[in-house]
Amino acid sequence: MISVRLPDGSQRQFDAPTTVAQVAASIGAGLAKAALAGKVDGRLVDTSYLIERDADLAIVTDKDADGLEVIRHSTAHLLAYAVKDLFPDAQVTIGPVIENGFYYDFSYKRPFTPEDLALIEKKMAELAKKDEPVARKVMPRDEAVAYFTSIGEAYKAEIIGSIPQDQEVSLYSEGAFTDLCRGPHVPSTGKLKVFKLMKLAGAYWRGDSKNEMLQRIYGTAWAKKEDQEAYLHMLEEAEKRDHRKLGKQLDLFHFQEEGPGLIFWHPKGWTIWQQVEQYMRRVYQDNGYQEVKAPQILDRSLWEKTGHWENYRDNMFTTESENRSYALKPMNCPGHIQIYNAGPHSYRDLPLRFGEFGQCHRNEPSGSLHGMMRVRGFTQDDGHIFCTEAQVQGEVAAFNKLVREVYTDFGFKEVEVKLALRPEKRIGDDAIWDQAENALREAIRASGTEWEELPGEGAFYGPKIEYHLKDSIGRSWQCGTMQVDFSMPQRLGAEYTTEDNVPAVPVMLHRAIVGSLERFIAILIENHAGAMPLWLAPVQIMVLNISDAQAEYVENVAKTLRKQGFRVETDLRNEKITYKIRQHSLQKPPYILVVGDKERDANTVAVRARGNVDLGVMPIDVLVERLRDEVNAKA
């Protein structure tokens, strides 16, 4: 007798081994039809999976996150099936699930075209309607290599050949197409109803630029049509808000080949930068941080001590001088420990909080660079707190409160907290990692915050809390971090004297709120679609005259507003006022002031808020009070 325990606590008894599909059918026809997969003792499996002993089982449908992943995984195989049907000479390689969809890489004698993409998507729909069963079979490694070699799939044979010889591999077949895969997959192709192919791209085989360039087809798949429509609408909005496009349109910054992954800031863009930096500097000052500055380039020996040379060297820019090896800093933390180590410290000095707007460089692959979101040179609002173990919880709780206040000021209301745990490649023993991870868990728990855990995604020197904020069109961005580090201070000889007058190693908390200023400004630009709130706008007020008769008054108005600390520009050109308003509206200033003879004579201005909102005529002092309140409110 086999007992199957369901999520509601009920149990079902079976006289013989039974499949997930059979269990679903025993519960009801509706569930049997909806079942996409199962979760047996926490492991995701096909509905054909045979349960041979007592187990916990959850039936996975398209209402579950796991169900959506199975749909996307299966749709990637459907894509490969369609490509092979239309282009038999194409070779399939790999096709994983990614955020919001999937991709599959192919080797083919000519580049695919947008017309090919339309044909492939049409063929996918035809194959899905056939509702062909998706069947799994297991095969010895060498037999699988021989099979894929026999059908001309050299890439699949190479992948399988890298698997240990004594292992078996699983294959999935649907109709005339068979692919290597761990699974699980939907029971039949008819379960795949909502999908769309998105774009073509190039990708090197196994990610190595020395290998062949393959063709990557990206797609998206969903359980419901309305979900896909919402996603595609979000992409349309994202395209309009692309910070690279807006950066050019609003004259904020540019990139060029001579500095890949590096930003050329224009005056307006640098004004936004300065507003963010000065705001964060006040945050430092108001929360007990001392601002410091460490060198850009440090000797290799220091990076060896920290573990960067062993664990992070491929991402570091290195150089030599006078027979010594150096590296541009990819992180600020080792420099801050050197500042800490420059003098003795007592338990009375702790917590000691250092902050730096530290410029870092990382040798990111050229293919991964993406505007200001992924660069090679960036500046962090980087802080490091040296404290005792007993102080960790209080410091993390205080930071948790602070980071939310900062995001609110920048216009972000929704923040998710995630805990990234030990990666495979790391320094420090498991006992230290247990201590660090538990310290962060307790600190988050004490602050009353819910969190999600991310196994394997911590930094190599310690686990970290990640703060993910949602923008105005629902996208999630990871910005702030709080990392607890028991290893690096010890490696670099940091100490303090305890109350018992004995030396001890401080705990080091790595923290950032906006993270990379470049990336955060890109997020701000996209969140606000370039229409920055008054306190961040590079030009806050444009003052326009109707005719030359008001030119002197316009200059006086601008001078008065500048004295009040506002960023003001004027346009005295001999152009129609409607033309000037329309032209400057495209640059998205929060306010446009129009001055004619009536306004000049009455010492007033006609005020237009962004979006062509007519606020009427008001005296300068009334306008100044309004503007000051808006800046202070960060509205």
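The values are calculated or read from the model by the stated rules, or taken from the named source; none is laboratory data. These numbers were taken from a predicted model, which means no experiment stands behind them. Cβ: placed from backbone, ideal geometry, glycine included. Neighbour counts: every protein chain shown. These area figures cover heavy atoms from the full protein model, side chains too; ligands, DNA and RNA do not enter into them. Shrake-Rupley method; radii C 1.70, N 1.55, O 1.52, S 1.80 Å.
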inquiry  = Against the definition (aliphatic (A, V, I, L, M), closer than 20 Å to Glu526 by Cα and open to solvent by 50 Å² or more (accessible area, probe 1.4 Å)), how does Leu246 come out, yes or no?
reply    = no
request  = Check Ala32, Ala21 and return the single one that is free of Cβ contacts under 8 Å to residues at least 40 places away in the same chain and open to solvent by 30 Å² or more (accessible area, probe 1.4 Å).
outcome  = Ala32
key: Whichever residue in region 37-53 is assigned to a loop (DSSP other than H, G, I, E, B) and either in contact with a helix residue (DSSP H, G or I) (Cβ under 7 Å, 6 or more places away or on another chain) or under 11 Å from Thr19 (Cβ atoms) (or both) and, among such residues, is most open to solvent (accessible area, probe 1.4 Å)   = Glu52
request  = Run Tyr553 past the list (1) over 23 Å from Leu469 (Cβ atoms); (2) open to solvent by less than 10 Å² (accessible area, probe 1.4 Å); (3) touching a helix residue (DSSP H, G or I) at 6+ places or on another chain (Cβ under 7 Å) and report the number of the one that doesn't hold.
outcome  = (2)
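Results for (1) within 20 Å of Gln380 (Cα to Cα); (2) hydrophobic (A, V, I, L, M, F, W, C); (3) over 29 Å from the mean Cα position of the chain (by Cα); (4) surrounded by fewer than 18 Cβ atoms within 10 Å (Cβ to Cβ), shown as yes or no for each residue.
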| site | (1), (2), (3), (4) |
| --- | --- |
| Val283 | yes, yes, no, no |
| Tyr289 | yes, no, no, no |
| Ile297 | yes, yes, no, yes |
| Gly307 | no, no, no, no |
| Asn311 | no, no, no, yes |
| Asn323 | no, no, yes, yes |
| Ala327 | yes, yes, no, no |
| Ile337 | yes, yes, no, no |
| Arg348 | no, no, yes, yes |
request  = Scan region 241-266 and report the pairs whose first residue is touching a residue at least 40 places away in the same chain (Cβ under 8 Å) and within 20 Å of Cys360 (Cα to Cα) and whose second residue is polar (S, T, N, Q) and surrounded by fewer than 17 Cβ atoms within 10 Å (Cβ to Cβ), with Cβ atoms within less than 8 Å and a gap of 6+ or a chain change.
outcome  = Pro260/Ser366; Gly261/Ser366
Only one of Leu544, Leu536, Leu572 that is open to solvent by less than 70 Å² (accessible area, probe 1.4 Å), touching a helix residue (DSSP H, G or I) at 6+ places or on another chain (Cβ under 6 Å) and either within 30 Å of Gln380 (Cβ to Cβ) or at pLDDT below 95 (or both) = Leu536
ask   = What is the one condition in (1) assigned to a helix (DSSP H, G or I); (2) more than 29 Å from Lys245 (Cα to Cα); (3) open to solvent by less than 90 Å² (accessible area, probe 1.4 Å); (4) not small (Gly, Ala, Ser) that Arg628 does not satisfy?
value = (3)
remark   = Of the residues in region 68-88, those that are open to solvent by 40 Å² or more (accessible area, probe 1.4 Å) and either free of Cβ contacts under 8 Å to residues at least 40 places away in the same chain or small (Gly, Ala, Ser) (or both) come to Glu69, Leu86, Pro88
query = Within the bounds of region 392-400, is there any residue that is farther than 21 Å from Trp309 by Cα, open to solvent by 30 Å² or more (accessible area, probe 1.4 Å) and of a type in the set (S, T, N, Q)?
reply = yes
key: Residues within region 152-193 that are exposed (fewer than 14 other Cβ atoms within 10 Å of the Cβ), within 19 Å of Tyr49 (Cβ to Cβ) and among the acidic types (Asp, Glu), tallied   = 1
ask   = What is the one condition in (1) in contact with a helix residue (DSSP H, G or I) (Cβ under 9 Å, 6 or more places away or on another chain); (2) on the phi < 0 side of the Ramachandran plot that Gly261 does not satisfy?
value = (2)
remark   = Being under 44 Å from the mean Cα position of the chain (by Cα) and outside any loop (DSSP other than H, G, I, E, B) narrows Lys598, Lys588, Lys580 down to just Lys580
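Tell me, which strands (runs of 3 or more DSSP E) wholly within region 281-392 include 1 or more residues that are closer than 27 Å to Trp433 by Cα?
352-361, 377-387
Condition check ((1) surrounded by 24 or more Cβ atoms within 10 Å (Cβ to Cβ); (2) without any contact (Cβ under 8 Å) to a residue 60 or more places away in the chain; (3) under 20 Å from Lys268 (Cα atoms)) across all residues:
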residue	(1), (2), (3)
Ser487	no, no, no
Ser516	no, no, yes
Met532	yes, no, yes
Gln540	no, no, yes
